[in-house]
Amino acid sequence: MFAGMLVISIIAIVCAGIVKVPRNIPHATNMGFNLHNLFEPKAVLPSINLLIIMTAYGGLLSFVALYGKEIGVHDTSLFFLVFAAGIAISRITVGKTFDKSGPAVILTVCLLLDIMGFAVLALLKNPFGYFISAILIGFGNGVVFPVFQTMVNNVAEPAHRGAANSTLYTALDLGMGAGMILIGFISEHTSLSLAFICCAVICLAGLALFRFRVLSDYLSKTLKVSP
């Protein structure tokens with residue numbers, strides 16, 4: 001596995017060297033290393049929303065293989081293959097939906113799929129439920145980050161989109177790290193099944209925050225920046 005990661009890293013270095021970056025960067029004189037250029041205030045609310053959702057995702061990545069062994073799945077690595085297939089399908093099929101109707105419908109549907117996926121994973125304690133949950137969570141989670149990334153880039157000024165992405169990625173990392181700790185704590189004192197129910201509740205909280213606060217904030221800000 002680590003040898004494969006080494007090969008992939010070398011390929012990534014080669015690909016990075018091929019990328020052509022324009023030298024004329026807008027407002028380059030204002031790009032000093034400071035807090036203002038690292039974080040975008042307009043991106044904070046969507047980033048908090050992403051942080052909550054990624055808490056469930058961090059718990060999933062850390063403990064789903066162990067849970068698979070617990071319920072009698074012989075090859076738990078297949079979960080990640082099915083999960084990746086769900087992500088690929090979602091990325092291919094939903095991009096135009098966002099362009100046509102915005103984030104409201106697509107993110108709501110995908111978060112509902114996440115909630116259903118975690119519920120199936122926790123309640124159907126067999127290989128069938130295990131792999132069905134992989135496709136549901138994969139499809140749902142495959143859309144979450146790209147949609148939030150598009151949202152923060154839409155509300156930020158063009159010269160400050162790097163800071164908007166920095167804010168979002170910070171939330172992504174914090175959420176996944178917090179999820180590993182939180183879900184580990186819950187599973188240690190209860191069970192992995194109950195821990196994944198908690199993941200479903202976390203996604204429900206993320207959906208509620210999106211529908212009742214983040215979406216309206218996003219729509220108001222995009223109307224202000226529209227020509």
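The values are calculated or read from the model by the stated rules, or taken from the named source; none is laboratory data. This one's a predicted model, so the numbers in the text were calculated from it and none came from an experiment. Glycine also receives a Cβ, built like all others from the backbone with ideal geometry; neighbour counts cover every protein chain displayed.
So, in the stretch 73-85, exactly how many residues are in a helix (DSSP H, G or I) and under 19 Å from Ser62 (Cβ atoms)?
Result for the stretch 73-85: 8.
Whether any residue in the stretch 99-107 is farther than 23 Å from Leu207 by Cα and outside any helix (DSSP H, G or I) is what I want to check.
In the first step, residues of the stretch 99-107 are kept if they are farther than 23 Å from Leu207 by Cα; the result is none.
No: the stretch 99-107 contains no residue that is farther than 23 Å from Leu207 by Cα and outside any helix (DSSP H, G or I).
If you filter the stretch 139-148 down to residues that are more than 18 Å from Leu223 (Cα to Cα) and more than 8 Å from the chain's Cα centre (by Cα), you find that the one that is surrounded by the fewest Cβ atoms within 10 Å (Cβ to Cβ) is Phe139. Residue check, Lys125 against (1) modelled with pLDDT under 90; (2) not in a helix (DSSP H, G or I), all met but one. Which one? Among (1) modelled with pLDDT under 90; (2) not in a helix (DSSP H, G or I), the lone unmet condition for Lys125 is (1).
It is to be established whether one or more residues within the stretch 116-123 are more than 24 Å from Ala65 (Cβ to Cβ) and surrounded by fewer than 19 Cβ atoms within 10 Å (Cβ to Cβ). I'd like the intermediate steps shown before the answer.
Kept after step one, since they are more than 24 Å from Ala65 (Cβ to Cβ), are these residues of the stretch 116-123: none.
Among the residues of the stretch 116-123, not one is more than 24 Å from Ala65 (Cβ to Cβ) and surrounded by fewer than 19 Cβ atoms within 10 Å (Cβ to Cβ), which makes the answer no.
Of all the residues that make up the stretch 100-120, how many are of a type in the set (A, V, I, L, M) and under 14 Å from Leu219 (Cβ atoms)? Spell out the reasoning first.
Quick first cut of the stretch 100-120, residues of a type in the set (A, V, I, L, M) only: 104-107, 109, 111-113, 115-116, 119-120.
Going one step further and asking which of them are under 14 Å from Leu219 (Cβ atoms), we end up with 104-105, 107.
The number of residues fulfilling the criteria is 3.
Scanning the stretch 68-99 for residues that are aromatic (Phe, Trp, Tyr) and surrounded by fewer than 15 Cβ atoms within 10 Å (Cβ to Cβ) turns up just one, Phe80.
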